[in-house]
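Okay, structure first, notes after.
Just so you know, all these numbers are worked out from the coordinates, no wet-lab data involved. In this text the structure is predicted, and so the values were computed from the model without any measurement. A quick note on method: Cβ atoms are made from the backbone with ideal geometry, for glycine too, and the neighbour counts reach across all protein chains shown.
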């Protein structure tokens, strides 16, 4: 069974890579832009699902890390002339990790509804800081970002070109997403999953659940921050949208629509959401209303999300719906 | 420093509004264990309904009567057709649902009333000012303070002194037992949720003439109401009173004394409470 699954995964990976490489060759720049956006949001959604799907922590404040990453990258690139691309991303990563650790140690004193409420309130604090601290963040005007060229020693890559930037993003973000997948297979990743199922028992077995949760929270915050860095580089601009509650709503919709029960769900969600948004915003200004309606319908009737539907169909078609293999996190949907 | 009484009363008026809003939130949470993210959206609907009633009839007293009733109906419908369906899925789904509803209500408000601020005018003696403690003070703000006191007292009386209150409190403790005693627990929960929505609608009507009516008003006050709940303690009515007072006055005097830091002050307070007493001032230890 395990072998079969890995074979499948390899197939998907090859298909995905082929598709990803083909995109800039055959599609117009507009599509390359959209796909880059999908890749960045996929990382953001995957990091969010490590909280929501894997550990059952519902956060309404993921945008504070996304925004912190975006702003730090923008500020570092603006204030330190000549800093290499990876230097800026690195500084941003360190800073977001610190922020995640401090915020996490405050917020994780509570669970469930209380935790959800606190994340929303702290996101509001970050939003206030971003709007009021004019000298650093530019307030309502935001900050413009330029992409420095990437110096790899032998070759210099000009990041101003969207195709180059797309490949750069694909490699970096793809590696990060793979790392997330690897994380879910490690002892730590499994601990998180088991904590969600039965925390009392894990405590009894000698696991320090509080520290595990804090590490996970910091880790997902850092990942969201990295997604934010790439977001700022991609749009060459950072505004208060990046740190607002709307950005949390976005990731929540992506993750939930894609499905919280599997690792790939949020990636699918990011893809569907980005293209749906692109399609709907052409037709009507009221696209958020349609998005919201889709979300409510999914919460009410399809709590397992799109990936849940796909799994159900696959099980029915291939295995006759009897002894289907399920991902460890799939049992309860959330 | 002649401004001090004025700022004190301003703080008191805002505290009253916060109490009206957070009392409904804490009531629903205490009774049903549901944190309603759509609560502030109901409040916003109250303000917008009131705007419409005022433009059509011009009668503020009519809107203060009708709008909470409308919100009560909406609240009952939301509980009956949405919340009850996901109740068995657990808290996460209830939170997600109310969050989604808040999002949709905000978008609907933009669609119906437009994405710009509206000004709500009231006439009659409420628009006047009175002499008080040697200063001129608007009657309307005093009216808000009186409203909050009356609502708070009525809530206490109903919950702790009447048969209905006993049933509601019992249903929270052990709803299967209460159900076995022949009481329709589903109906009790629906009523509590509807009353919570009516309270937020009432707060919205009251807020209309005081603050700006615009699509961002829900998100803005929701955070303040959350801070009230964190500081006061989850599900505690007494905590909501005290925390509303502290935060109302902190906001008011913060603007006077430290204008640059005023917005951050309430977050600092919240962080301090989280570090020192995570369950809030009146909250029970977990």
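Worth a mention:
- For the protein assembly as shown, a Kirkwood radius taken over Cα pairs fed into Stokes-Einstein (20 °C, viscosity 1.002 mPa s) yields D = 83 µm²/s.
- Within a Gaussian network of chain B (alpha carbon springs, distance under 10 Å), most fluctuating of B:90, B:208, B:30: B:90
- Exposure proxy shown here: for B:276, A:177, the number of other Cβ atoms within 10 Å sets the order, fewest to most, as B:276, A:177.
- Largest-first ellipsoid semi-axes for segment A:13-59, taking √(5λ) over the Cα gyration tensor eigenvalues, angstrom: 29, 13, 4
- Gaussian network model of chain B, springs between alpha carbon atoms under 10 Å - residue of B:187, B:202, B:234 with greatest fluctuation: B:187
- Peptide A:108-119 - average C-beta neighbours from other chains (10 Å radius): 6
- Here r is the Cβ-Cβ distance between residue A:199 and residue B:73 and R0 is 45 Å; the resulting FRET efficiency, rounded to 0.05, is 0.65.
- Measuring nothing but how far apart in sequence close Cα pairs (under 8 Å, 6+ apart) lie, relative to its length, chain B scores a relative contact order of 36 percent.
- Extension gain, residue A:156 back to residue A:25 (0.36 nm per residue minus Cα-Cα distance, nm): 45.1 nm
- Look at the alpha carbon pairs under 8 Å that are at least 6 residues apart: their mean separation over the length of chain A gives a relative contact order of 30 percent.
- Extension gain, residue B:212 back to residue B:128 (0.36 nm per residue minus Cα-Cα distance, nm): 28.3 nm
- Cα centroid separation, segment A:31-58 to segment A:80-99: 21 Å.
- Between the alpha-carbon centres of segment B:230-286 and segment B:131-197 there is a gap of 22 Å.
- Spacing of the modelled spin labels on residue A:133 and residue B:264, each 7 Å from Cα toward Cβ, amounts to 0.8 nm.
- Rounded FRET efficiency, nearest 0.05, which uses the C-beta distance separating residue A:309 from residue B:88 and R0 of 22 Å: 0.60
- Efficiency of FRET from Cβ geometry, residue B:175 and residue A:12, R₀ 60 Å, rounded to 0.05: 0.80
- Result for chain B in a Gaussian network model with C-alpha springs under 10 Å: among B:19, B:49, B:82, the largest mean-square fluctuation is at B:82.
- Shape category assigned to segment B:1-73 from the gyration tensor of Cα positions, a/c cut at 1.5: oblate
- The alpha carbon centroids of segment B:14-79 and segment A:222-251 are separated by 33 Å.
- Peptide A:122-130, shielding by other chains (average Cβ, 10 Å cutoff): 4
- Within segment A:118-150: backbone nitrogen closer than 19 Å to the residue A:171 label point (7 Å, Cα to C-beta): A:147-150
- Taking 0.36 nm per residue of sequence separation and removing the Cα-Cα distance, the residue A:146/residue A:101 pair yields an extension gain of 13.3 nm.
- Dividing the mean sequence gap of close Cα pairs (under 8 Å, 6+ apart) by how many residues segment A:180-334 holds gives a relative contact order of 20 percent.
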